[in-house]
Amino acid sequence: MAIGLIIIGDEILSGKRRDQHFPKVLELLAERGLKLDWAEYLGDDPARISATLKRTMASGDIVFSCGGIGATPDDHTRQCAATALGVPLALHPQGRLNIEERIADMAREAGKEADLGSPENLHRLKMAEFPEGASLIPNAYNKIAGFTVGTHHFVPGFPVMAWPMIAWVLDNCYRDLFNRDPHSEQSVLVYGSMESTLNPMMEALEARFAPVKVFSLPSVGDAVTRGHIELGVKGEPALTATAFADMCAQLAAMGIEFAPYEAGTVS
C-alpha cells in the first residue's frame, strides 16, 4: 500500500510557520522499514480539502493528515473528511469524555470547579465531532483525540501531539507492513561529467537489474564543494549491491572520476 501525507494550513503556505511534519514522518516511517510515496500541502480551503480527500480516499492509500481538526473558524478538516465520505459529523461519545476530562483537569490545575455547560466548554466539544463511524487516535499530550476513517488518519497540526499519534497509528494498525520490503541505497559522487554522458549507462543498469532504480542528483557546487553528480542505485539489498558494483566498474572503465558518497558531507 502506498503511504501519503497531507499537511493543511494557510500558515504553512504563507511561510508564517515552517513545516516540520514532512521530515519527521520520513523518520517515523524509516524506523519501521516504510517509506513515504507522496505528500501534498493544502491551505484552509474547504472545497480543495474536500476534493483532495475524496480523491485520496478512493485510492486506498494509507494517508496521514496533519492540521485543521481544531474548533476555530479556520479548522475545516473534520467537516471536509465527512463531506468527502458523504456522511454527517457526529459527536463521538469517547471523544466527548476525553474532552470533558481535559476540561476538568485544566480547572483542577487552576484551583477551580469545571463548568461543563459553559458556552466555551460546549464549544470545545466540537473537537470530538468526527465523520460518522470514525475511530479515535489517542492523544497522550492533552487527551483530545484525532480520528481515523478507513485508511486515513487525522491528527492535529502541533508536532508535540501529531508525531506520537502518527507513531501510535503505525504501531497499532500497520505493524504487519514493517520491514516487509528490505531496501538499501548506495551512491558515489561523480566529478567532471554530464548527466547526458551517464544516461546510457543509467538506462542499461535499470534494464539489467530491474526493479532496482538508478538516481542522479546534480549539484553545481559552491565555494567549498566541487560541482558533482550523486549517482546511485536503490532497491532490494542484494540486487542493489550487485548493481552498484557494476556501476562503479563501468565508471572506472569510462575513465570518469568518482568517489564514495558519505551522507551529510555534500549538498
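The values are calculated or read from the model by the stated rules, or taken from the named source; none is laboratory data. Predicted model only: the values in this text are computed from it and were never measured. All Cβ positions, glycine included, derive from the backbone under ideal geometry; neighbour counts span all protein chains shown. Quick note on the areas: whole protein, heavy atoms, side chains included, nothing else; ligands and nucleic acids left out. Shrake-Rupley method; radii C 1.70, N 1.55, O 1.52, S 1.80 Å.
Stokes-Einstein, applied to the Kirkwood radius of segment 1-105 over Cα pairs at a viscosity of 1.306 mPa s and 10 °C, places its translational diffusion at 104 µm² s⁻¹. Mind sorting out which of [x] 13.8; [y] 15.5; [z] 18.3 is the real mean projected area of the Cα convex hull in nm² computed from the coordinates? The value computed from this structure is option [z].
Pairs of lysine residues in the chain that meet both criteria, 8 or more places apart or on different chains and Cα atoms under 24 Å apart, total 12.
Each helix, a run of at least 4 DSSP H residues, gives -39500 (n - 2.57); summed and divided by the residues of the chain, these come to -12500 deg cm²/dmol at 222 nm. Decide, for segment 160-248, between rounded, prolate and oblate: order the square roots of the alpha carbon gyration tensor eigenvalues as a ≥ b ≥ c, take rounded if a/c falls under 1.5, and otherwise choose prolate if a/b is larger than b/c, else oblate. Oblate is the answer for segment 160-248, as a/c is 1.5 or above yet b/c matches or exceeds a/b.
Please label the shape of segment 17-73 as rounded, prolate or oblate, based on the square roots a ≥ b ≥ c of the eigenvalues of the alpha-carbon gyration tensor (a/c under 1.5 means rounded; beyond that, a/b larger than b/c means prolate, else oblate). Judged from the Cα gyration tensor, segment 17-73 comes out oblate (a/c at least 1.5, b/c at or above a/b). Across the chain, C-alpha contacts under 8 Å between residues 6 or more apart give a mean separation that, scaled by the residue count, equals a relative contact order of 16 percent.
Axis of helix 21-30 versus longest Cα principal axis of the chain: the two differ by about 70°, to the nearest ten degrees.
Most tightly packed first, judged by the mean number of other beta-carbon atoms within 10 Å of their residues, the peptides 221-230, 186-195 read 186-195, 221-230. Using the Karplus relation 6.51 cos²θ - 1.76 cosθ + 1.60 with θ = phi - 60°, the per-residue 3J(HN,Hα) values for segment 116-124 come to 5, x, 5, x, 5, 6, 5, 5, 4 Hz, with x marking Gly and Pro.
For segment 60-72, backbone phi angles converted through the Karplus equation (6.51, -1.76, 1.60; θ = phi - 60°) give residue-by-residue couplings of x, 5, 7, 10, 10, 10, 10, x, x, 10, x, 10, 9 Hz, Gly and Pro being listed as x.
For the chain, the longest principal axis of the Cα atoms and the long axis of helix 159-173 meet at an angle of about 80 degrees.
Each Lys or Arg adds one and each Asp or Glu subtracts one; over the other residues with Cβ under 12 Å from the Cβ of Met1, this totals -2.
For the pair segment 155-176 and segment 192-262, the centres of their Cα atoms are 36 angstrom apart. Here the chain has 55 percent of its accessible surface on carbon and sulfur atoms, given a 1.4 Å probe and all protein chains in place.
Backbone geometry of segment 145-156 corresponds, through the Karplus equation with coefficients 6.51, -1.76 and 1.60 at θ = phi - 60°, to 3J(HN,Hα) couplings of 6, x, 8, 10, 10, x, 9, 10, 10, 10, 10, x Hz, x marking Gly and Pro. Collect residues whose amide H, placed 1.01 Å from N in the peptide plane, falls under 5 Å from the amide H of Leu5; neighbours closer than 5 in sequence don't count. Close amide H contacts, sequence-distant or interchain: Trp38, Ala39, Glu40, Phe64. Against the main long axis of the alpha-carbon atoms of the chain, helix 93-109 sits at an angle near 80°.
Close amide-amide hydrogen proximity is noted between Glu230 and Val190, Leu217, Ser219, each under 5 Å apart and 5 or more residues distant or on a separate chain (H modeled in the peptide plane; Pro and chain starts excluded).
Largest GNM mean-square fluctuation among Arg208, Arg78, Arg96, using the chain with Cα springs under 10 Å: Arg208.
In the context of the full set of protein chains, segment 123-267 has a per residue accessible area of 53 Å² (1.4 Å probe).
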